[in-house]
Amino acid sequence: MATIFIKDDLRASVEAASGGKTTVLYTAKGQPSYMNVVPKFMLEDVADSVGTLGTGVHPAFIVNGIEKSEFFYGAYQGIIKNGELLSLPNVNPSRSSNFDTFSNTARAAGAGWHVGTNAEWAALLLWCHKNGFTPRGNSNYGRSSDATFETGRRIDGGAPGVTSGDPAILTGSGPASWRHDNTANGISDLVGNIWEWQTGMRLMDGEIQIIPNNDAVTADLSAASAAWKAIRLSDGALVDPGTAGTAKFDSPTATTTGNGGTPILSASI
């Protein structure tokens, strides 16, 4: 678990300013990281018009068979500092590194720290959809492509919309509509700005593979890890990769044919 020190001035001020939505957790090296608290919710709570999702606790709140009351998600896109991946406001987010670099620096922050997972990402976006708000972000050189008057502070100091230079923005420098709940205390920059890594789902030669629930938090994420499972289309069961009849996208390999659009009859995750 992340280390929560006795409430210091920074943590106390952040929690007070955000009404408890955001807190500060400390890494193994004692570095602060700004995190949003995401309370547990049920699948039926976020189904709405997206269709039937099943019932029970959303998988993002189940890690290695243990149900969690909440998870913490970085309020800002990450920056690698002193060998740890942190969530900090108004900084140039780290980029142009491979997955292993980000995963290793996240886990270096201590037990429970990890690169964001597909389960957590799905939970956040389902929550947004259910609550009737789709966040915008830096999708047009420092501004929103859908609302060009919405801008952030570009890394290079350039004007929003200018196509030259570095159009990424300082973390969290956009308006409230660039946060997941349309408030100044939500999770920022889920849309646009830089490419982001998520773990717990991958494609291997076109086959869709996942790590069940939110077990990607602690699982072996390597290519040959036994934690990865394929999804059998006939009943939604999780099976070994390469099993016949699993969900696939089209692949450049001659042996894989996509079956996108084929419904999974039931879900087991």
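Looking at the structure I just gave you, is N118 open to solvent by 20 Å² or more (accessible area, probe 1.4 Å), touching a Gly at 6+ places or on another chain (Cβ under 9 Å), of a type outside the set (F, W, Y) and in contact (Cβ under 8 Å) with a residue 24 or more places away in the chain? Lay out the reasoning, then the answer.
Numbers: open to solvent by 20 Å² or more (accessible area, probe 1.4 Å): yes; touching a Gly at 6+ places or on another chain (Cβ under 9 Å): yes; of a type outside the set (F, W, Y): yes; in contact (Cβ under 8 Å) with a residue 24 or more places away in the chain: yes.
Considered against the rule, which asks whether it is open to solvent by 20 Å² or more (accessible area, probe 1.4 Å), touching a Gly at 6+ places or on another chain (Cβ under 9 Å), of a type outside the set (F, W, Y) and in contact (Cβ under 8 Å) with a residue 24 or more places away in the chain, N118 comes out as yes.
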Inset, instruction - Could you tell me whether V46 is surrounded by 15 or more Cβ atoms within 10 Å (Cβ to Cβ), in contact (Cβ under 8 Å) with a residue 24 or more places away in the chain and touching a His at 6+ places or on another chain (Cβ under 9 Å)? - result: yes
Inset, instruction - Working only within segment 49-59, note down all residues that are modelled with pLDDT of 95 or more and either in contact with a Ser or Thr (Cβ under 6 Å, 6 or more places away or on another chain) or open to solvent by 70 Å² or more (accessible area, probe 1.4 Å) (or both). - result: none
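Filter segment 21-43 for residues that are without any contact (Cβ under 8 Å) to a residue 40 or more places away in the chain and open to solvent by 70 Å² or more (accessible area, probe 1.4 Å) and give the result. Quick ask: steps written out before the conclusion?
Keep residues of segment 21-43 that are without any contact (Cβ under 8 Å) to a residue 40 or more places away in the chain, which gives 24, 26, 30, 37, 39-40, 42-43.
Residues satisfying the conditions are P39, K40.
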Legend entry - Residue match in segment 184-199 (condition: under 21 Å from F71 (Cα atoms), touching a residue at least 60 places away in the same chain (Cβ under 8 Å), β-branched (V, I, T) and in a loop (DSSP other than H, G, I, E, B)): yes
Inset, instruction - Could you give me the residue pairs with C-beta distances under 9 Å whose first residue belongs to segment 219-234 and is β-branched (V, I, T), whose second residue is open to solvent by less than 70 Å² (accessible area, probe 1.4 Å) and in a strand (DSSP E or B) wherever it lies, and which are 6+ apart or on separate chains? - result: I231/E207; I231/I208; I231/Q209; I231/I210; I231/L238; I231/V239; I231/T246
Inset, instruction - For N214, indicate whether it is polar (S, T, N, Q), closer than 23 Å to D100 by Cβ and surrounded by 23 or more Cβ atoms within 10 Å (Cβ to Cβ). - result: yes
Legend entry - Residue under evaluation F133, criteria (1) touching a helix residue (DSSP H, G or I) at 6+ places or on another chain (Cβ under 9 Å); (2) among the aromatic types (F, W, Y); (3) farther than 18 Å from A28 by Cβ; (4) touching a residue at least 60 places away in the same chain (Cβ under 8 Å), criterion not met: (4)
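A quick yes/no check of all residues on (1) surrounded by 16 or more Cβ atoms within 10 Å (Cβ to Cβ); (2) under 20 Å from G78 (Cβ atoms); (3) in contact with a Lys or Arg (Cβ under 8 Å, 6 or more places away or on another chain); (4) at pLDDT below 95:
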{"residue": "L170", "(1), (2), (3), (4)": "yes, yes, yes, no"}
{"residue": "W178", "(1), (2), (3), (4)": "yes, yes, yes, no"}
{"residue": "G186", "(1), (2), (3), (4)": "yes, yes, yes, no"}
{"residue": "Q198", "(1), (2), (3), (4)": "yes, yes, no, yes"}
{"residue": "A244", "(1), (2), (3), (4)": "no, no, no, yes"}
Legend entry - Residue tally, condition surrounded by 20 or more Cβ atoms within 10 Å (Cβ to Cβ) and in a loop (DSSP other than H, G, I, E, B), over segment 222-242: 1
Inset, instruction - Restricting attention to segment 82-98, report how many residues are closer than 22 Å to R202 by Cβ and either open to solvent by less than 40 Å² (accessible area, probe 1.4 Å) or basic (K, R) (or both). - result: 3
Inset, instruction - Can you tell me which residue within segment 130-151, out of those that are of a type in the set (S, T, Y) and assigned to a loop (DSSP other than H, G, I, E, B), is surrounded by the most Cβ atoms within 10 Å (Cβ to Cβ)? - result: S144
Inset, instruction - Quickly run through segment 167-199 and pick out the residues that are over 17 Å from the mean Cα position of the chain (by Cα) and of a type in the set (A, V, I, L, M). - result: A168, I169, L170, A176, A184
Legend entry - Only one of I79, I66, I62 that is over 20 Å from L170 (Cα atoms), modelled with pLDDT of 95 or more and open to solvent by less than 60 Å² (accessible area, probe 1.4 Å): I62
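The values are calculated or read from the model by the stated rules, or taken from the named source; none is laboratory data. As the structure is a prediction and not an experimental result, all values here were calculated from the model. Positions of Cβ are backbone-derived with ideal geometry, glycine not excepted, and every protein chain shown enters the neighbour counts. Just so you know, the surface numbers come from the protein's heavy atoms only, side chains and all, with ligands and any DNA or RNA stripped out. Shrake-Rupley method; radii C 1.70, N 1.55, O 1.52, S 1.80 Å.
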